[in-house]
Amino acid sequence: MSALCVVFLGPPGTGKGTQAQRLSRQLGLVAMSSGDVLRREIADGSVIGRQAEAFVKSGALVPDDVITGVMLSFVDRVPREPGFVLDGFPRTVPQAEALEHGFHERDIRLSAVFDFVLKDEAIVARVAGRCVCGNCAAVYNNSLLPPRQPGRCDRCGGELIQRADDRPEVILARLETYRRQTAPLVDYYRRLSLLHTVDASLSAEQVEADLIGLIAALAGADRRGK
Ligand code: AMP
């Protein structure tokens, strides 16, 4: 199959980050999380971090041109094979259009968009239990996916923290932002015949197996098309 390039779409707390990391381990895909990239820029106090900070804190979206520039320069820095997962980007129709243009310029083809679907009540409950490694950004959940040692990352031993924007008042704002600005991408990608729905209420293992099944089917279709 040619390089695999997939987008993870869906509200916060639906397991996109966890699955991006799993696909990275299983298939060697590079996981590019727009949220992680912005959090790193903010922690470094860079120009981009200073532009992004207030938006991220309040649960609003960072301006389209800022995030598009960041993500396309990320794409330029990683190997094309075996491919990559864009987790959390694009999040608006103008971002999707800019991505299409950027990919066209770089001769990259978007393979598929996976839409993670989960009810709001389940999202709020999941986000309340979520903690992330302050060092390597691995994601855990105190009830669903607990670390082996409380408060410590299984992978690197880093300290686990709750993200400031996972607090209940901010998560409701983020869900509203998703509905207003990101949900239209579901129809956008459905019209392009790229959309696949993922039942995010299943266990992390089952969601991973479903994604790998969908990717294998895409690879089969790709081979037949050649
Ligand atoms: P996430 O970790 O994906 O939930 O993203 C955390 C925050 O980063 C979001 O609430 C936004 O403020 C910002 N962000 C992440 N991705 C994007 C994007 N594609 N466009 C604009 N803002 C973004």
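Of all residues in segment 107-155, count the ones that are aromatic (Phe, Trp, Tyr) and out of contact with any Lys or Arg (no Cβ under 7 Å at 6 or more places or on another chain).
2
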Task: Members of segment 168-181 found to be within 12 Å of the ligand (Cβ to nearest atom) and among the charged types (D, E, K, R), listed by number - done: 174, 176
- [ ] Quick one: in segment 23-54, of everything that is in a helix (DSSP H, G or I) and among the hydroxyl-bearing types (Ser, Thr, Tyr), which residue is surrounded by the most Cβ atoms within 10 Å (Cβ to Cβ)?
- [x] 34
Open item on the list: Of everything in segment 190-205, what is surrounded by 12 or more Cβ atoms within 10 Å (Cβ to Cβ), over 16 Å from the mean Cα position of the chain (by Cα) and under 25 Å from residue 127 (Cβ atoms)? Give them in sequence order.
Closed with: 201, 202
TODO: Kindly indicate whether residue 106 is basic (Lys, Arg) and within 15 Å of the ligand (Cβ to nearest atom).
DONE: no
TODO: Scan segment 9-37 residue by residue and report those that are near the ligand (Cβ under 8 Å from one of its atoms) and charged (D, E, K, R).
DONE: 16, 36
Open item on the list: Could you list, ordered by first residue, the pairs with Cβ atoms under 9 Å in which the first is in segment 161-175 and in contact (Cβ under 8 Å) with a residue 24 or more places away in the chain and the second is open to solvent by 90 Å² or more (accessible area, probe 1.4 Å) and within 10 Å of the ligand (Cβ to nearest atom), at least 6 apart or interchain?
Closed with: 164/57; 165/57; 170/57
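The values are calculated or read from the model by the stated rules, or taken from the named source; none is laboratory data. Because the structure is predicted, anything quoted here is derived from the model rather than measured. With ideal geometry, Cβ positions are generated from the backbone for all residues, glycine too; neighbour counts draw on all protein chains shown. With ligands, DNA and RNA removed, areas are computed over all heavy atoms of the protein, side chains included. Shrake-Rupley method; radii C 1.70, N 1.55, O 1.52, S 1.80 Å.
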